[in-house]
Amino acid sequence: MSDPVSFTVHGPVVVLRIQNPPVNALSQAVRQGLAVGMDRAEADAAIKAVVIVGDGRAFIAGADITEFGKPPMEPNLPDLCTRIEASPLLVIASMHGVSLGGGLEVALGAHYRIAQPDAKIGLPEVHLGLLPGAGGTQRLPRLTGAAKAIEIMTTGGQINAAAAIEMGVIDKIEAGDPQEVGLAYAMDLISSGAPRRAISELAGPEAMDWDAAYQGAVSKSRGQISHGAIVRAVQAASEQPFAEGMKRERALFMELLTSDQSKGMIHAFFNERAVSNLPELKGVRPRQLNAIGVIGGGTMGAGIATAALLAQMQVVLIETGEEQASAARSRIEGNLQGALKRGKITQEKFDVLTTVALTVATHYDTLRDVDLVIEAVFENMDVKKEVFGKLDAVCKAGAILATNTSYLDVDEIAAATSRPADVIGLHFFSPAHVMKLLEIVVADKTASDVVATGFALGKALGKISVRAGVCDGFIGNRILAVYRTAADHMVLDGATPYQIDKALTDFGFAMGPFAVADLAGLDIGWMTRKRKAPDRHPDERVPTYIDKLCEQGHFGQKTGEGYYVYEKGQRASMPNPKIPVLIAAEQEKLKITPREFSDEEIVSRYMCAMVNESAKVVEEGIARRPADVDMVLLFGYGFPRYRGGPLKWADLQGLDTVLADIERFAAEDAWFWQPSTLLKTLVADGRNFDDLNRAGAK
Ligand code: CAA
Ligand code: NAI
């Protein structure tokens, strides 16, 4: 393996070249290499300047996230940046690709910054539940002012070189080989007698209304604590000398680093990547994917077609008749109009996508040449089987036949064809061109190159793809059914839907379960309750008060009335006054005396139900690893990213505590609260879900 930082002399300039693939993260060896390189350069009287440059695709992507949570190793990053800045030599950072987090902080420690035109900078620590901990909160505002620095650090986005030069974060943009460009710049600076420039010596940013800035950041953070901490660190940059500000930054950084929130977000960072690395697919080649077919152009089919078009694929969509075909085309065009409005595509691109790239037809023959078909027709087994029979008849050999079913048995659908090895579930989430999650449902006979193609499609569409086994609802909807039921039980026992929604949004969920139900349509749950009624266990508690509302034709947002009442065209809502009346009637019928629920108990029951079913899904092999379940809830169900997912949350609570709560709840309702065997085993063995993640890692 090559040196993590190479040292080469070019006349009066030393180049320190970071070589730590894939993204030059600042591991201990890199930090050490930079510190030693600086010492060596300074020890040579002939050297006037140092150029720091990155090898490969990036300058530096930041601190090495794999080191977080381990004992700190010298030299630490803040000291390294201070050490670079304090050098008597001129230090130049020559940046290409990304300079993120600690990477930008190293560059801010340098005296001059030059970047390639396509370089990007950013301080994305907020996405890890952190703040920039190596001087970023102190140096950046000295260049950009406090408000801009707070915006950059609380959003964590990437900024292109043109914007960075405008803000004064970089000094020059020049195309070319980063090392050569850096060397030439160093020679210019030396020959023009340019001075060392230490950002720490600049005045701190002007004061602002810090409490208002703090409140503003907190109000946008949905309970994440790092946003507020960033404001306080910038306040220190304004109010205190640099060295004191650095101490304040360190203290705030350490507080965040040891918080559960950063643990949850770091778990999310690694697992959103790890989730699609399946050991069984190593070396398996996906099939070709150029043109895809979509059957049904309703909500889902139109969304899937939109996603595929935006990923440069040819799409053939089949509907039942001319009227439906035209409605499907309008839905897709509407979706693409949205992309056009947001500047994601140009008008020219819009025209190509809606004409050349898209065919909407009513004859299955049009599907002869497609490589993969995704069926998104009504959720009815007979209709699905009929469609798969037709697909089997027209599609070319080797074409993949996929279903977007939410609940139905993919094995049974596959059996309706003569080629079950080519059949797979591809379960998208609504709206399919926006939501990041894709469940790849592997049936009994699905061939491994078909699974690999499912993952390749997910990647092409920019999705987080998770492998799921066949069961009612796969991973996500199966778990949803259970925690949703826990919420329903609490309503029967005395909590209101509104208190529950509020307690859960305060916990960090994007929406509460009753607001979600209104959005998805109450008819879905109503139909599911009717479908499941014949097989229901006598001990199962199923509230039916909401069915009365459905019987009157109220299905939530789409009809303007559900748990909430919706003003036309608005998302904001008011509690529906009919709901407490319906609930009271059902309580009376069931002879339930309503009781008070604290917000804490609501969260506890909801989360325990979610964790227990998630554990069963892992135990049965429906999900490959606990982290796969976590990613499903994060990307498909609005679970707060800073809590990492239900099973990470359970690990952080302590599995013994979670199991004890479940057993306590089981004393009242043993049918619903049946503790998962896996959970019990882990508690007995003193292990947790993360131990299973590690055991199942690639
Ligand atoms: N530390 C360790 N590993 C990292 C890493 C980091 N900072 N950044 C990326 N990687 C790893 C990824 O885990 C991935 O590994 P696998 O191939 O084993 O899955 C590999 O590098 C490639 O990453 P991507 O697949 O994400 O590649 P990409 O080209 O799509 O994106 C990237 C590259 C933009 C750098 C993206 O990886 C990214 O955003 N990384 C995180 C950047 C970040 O958050 N930096 C701040 C770190 S915190 C910090 O610096 C704290 C501080 O102030 C002290
Ligand atoms: P939808 O009712 O909006 O659309 C279904 C479309 O299929 C209609 O336009 C209909 O004309 C068409 N269709 C029916 N039979 C057909 C046939 N034989 N050939 C061609 N087209 C046919 O339904 P939606 O919501 O899009 O759901 C479709 C599937 O996706 C269902 O299986 C559903 O369970 C699943 N799904 C739905 C989600 C949602 O949030 N709506 C989320 C994930 C999956």
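Take the residues of segment 221-269 that are of a type in the set (Lys, Arg) and in the same structural domain as Ala63 (by TED's automatic domain parsing): which is surrounded by the fewest Cβ atoms within 10 Å (Cβ to Cβ)?
Lys247
If I ask for residues that are over 32 Å from the mean Cα position of the chain (by Cα) and either part of a loop (DSSP other than H, G, I, E, B) or outside the structural domain of Gly103 (by TED's automatic domain parsing) (or both), which ones from segment 40-73 would you list?
Here is the first cut: in segment 40-73, the residues over 32 Å from the mean Cα position of the chain (by Cα) are 40-52.
Result: Asp44, Ala45, Ala46, Ile47, Lys48.
Could you say which residue among Glu333, Glu323 is more than 12 Å from ligand 2 (Cβ to nearest atom), assigned by TED's automatic domain parsing to the domain that holds Val360 and farther than 16 Å from Glu375 by Cα?
After applying the criteria, what remains is Glu333.
Just to check your reading of the model, which residue among Ser276, Ser221 is modelled with pLDDT under 95, farther than 30 Å from Gly621 by Cα, among the hydroxyl-bearing types (Ser, Thr, Tyr) and not in a helix (DSSP H, G or I)?
Only one candidate passes the filter, namely Ser221.
Quick one: in segment 496-507, of everything that is closer than 26 Å to Gln261 by Cα and touching a helix residue (DSSP H, G or I) at 6+ places or on another chain (Cβ under 6 Å), which residue is surrounded by the fewest Cβ atoms within 10 Å (Cβ to Cβ)?
Looking at residues that are closer than 26 Å to Gln261 by Cα and touching a helix residue (DSSP H, G or I) at 6+ places or on another chain (Cβ under 6 Å), I get Phe507.
Give the residue that is nearest to Tyr642 (Cα to Cα), with candidates limited to residues of segment 103-136 that are more than 11 Å from ligand 1 (Cβ to nearest atom), touching a residue at least 60 places away in the same chain (Cβ under 8 Å) and part of a loop (DSSP other than H, G, I, E, B).
Restricting to residues being more than 11 Å from ligand 1 (Cβ to nearest atom), touching a residue at least 60 places away in the same chain (Cβ under 8 Å) and part of a loop (DSSP other than H, G, I, E, B), the top hit is Ala119.
Of the residues Asp488, Asp518, Asp493, only one is at pLDDT below 95, charged (D, E, K, R) and crowded, with 17+ Cβ neighbours inside 10 Å; which?
Asp518
Starting from residues that are away from ligand 2 (no atom under 13 Å from the Cβ) and surrounded by fewer than 23 Cβ atoms within 10 Å (Cβ to Cβ), keep the ones in segment 417-440 and report whichever is farthest from Ile475 (Cα to Cα).
Only one residue fits best here, namely Ser418.
Which one of Ala650, Ala670 is assigned to a helix (DSSP H, G or I) and out of contact with any strand residue (DSSP E or B) (no Cβ under 8 Å at 6 or more places or on another chain)?
Every option except Ala650 fails the conditions.
Just one of Lys589, Lys548 is modelled with pLDDT of 90 or more, of a type outside the set (Phe, Trp, Tyr), over 30 Å from Met300 (Cα atoms) and assigned by TED's automatic domain parsing to the domain that holds Val482; which is it?
Matching residue, one of Lys589, Lys548: Lys589.
Residue by residue through segment 289-314, note down the ones that are part of a loop (DSSP other than H, G, I, E, B) and crowded, with 23+ Cβ neighbours inside 10 Å.
Residues satisfying the conditions are Gly296, Gly297.
Could you grab me the full set of residues in segment 83-102 that are surrounded by fewer than 19 Cβ atoms within 10 Å (Cβ to Cβ) and in a helix (DSSP H, G or I)?
Arg83
Would you mention how many residues in segment 264-303 are within 14 Å of ligand 1 (Cβ to nearest atom) and in contact with a helix residue (DSSP H, G or I) (Cβ under 8 Å, 6 or more places away or on another chain)?
Number satisfying all stated conditions: 12.
Taking segment 48-96 on its own, how many of its residues are among the β-branched types (Val, Ile, Thr) and within 16 Å of ligand 1 (Cβ to nearest atom)?
Going through segment 48-96, the residues among the β-branched types (Val, Ile, Thr) turn out to be 50-53, 60, 65-66, 82, 84, 91-92.
Okay, now just the ones that are also within 16 Å of ligand 1 (Cβ to nearest atom), so 52, 60, 65-66, 82, 84.
Selection size over segment 48-96: 6.
For (1) at pLDDT below 95; (2) in a helix (DSSP H, G or I); (3) among the small types (Gly, Ala, Ser), each residue gets a yes or a no:
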{"site": "Ile579", "(1), (2), (3)": "no, yes, no"}
{"site": "Val603", "(1), (2), (3)": "no, yes, no"}
{"site": "Ser614", "(1), (2), (3)": "no, yes, yes"}
{"site": "Gly621", "(1), (2), (3)": "no, no, yes"}
{"site": "Ala627", "(1), (2), (3)": "no, yes, yes"}
{"site": "Asp630", "(1), (2), (3)": "no, yes, no"}
{"site": "Leu633", "(1), (2), (3)": "no, yes, no"}
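Can you tell me which residue is farthest from Leu438 (Cα to Cα) among those in segment 308-358 that are in contact with a helix residue (DSSP H, G or I) (Cβ under 6 Å, 6 or more places away or on another chain) and in contact (Cβ under 8 Å) with a residue 60 or more places away in the chain?
Per the stated criteria, the residue is Asn335.
Using the structure shown, decide if Pro675 is crowded, with 22+ Cβ neighbours inside 10 Å and either touching a residue at least 24 places away in the same chain (Cβ under 8 Å) or assigned by TED's automatic domain parsing to the domain that holds Asp506 (or both).
No: the conditions fail for Pro675.
The values are calculated or read from the model by the stated rules, or taken from the named source; none is laboratory data. Note that the structure is predicted; figures quoted are calculated from it, not measured. FYI the Cβ positions are ideal-geometry reconstructions off the backbone, even for glycines, and counts take in every protein chain you see.
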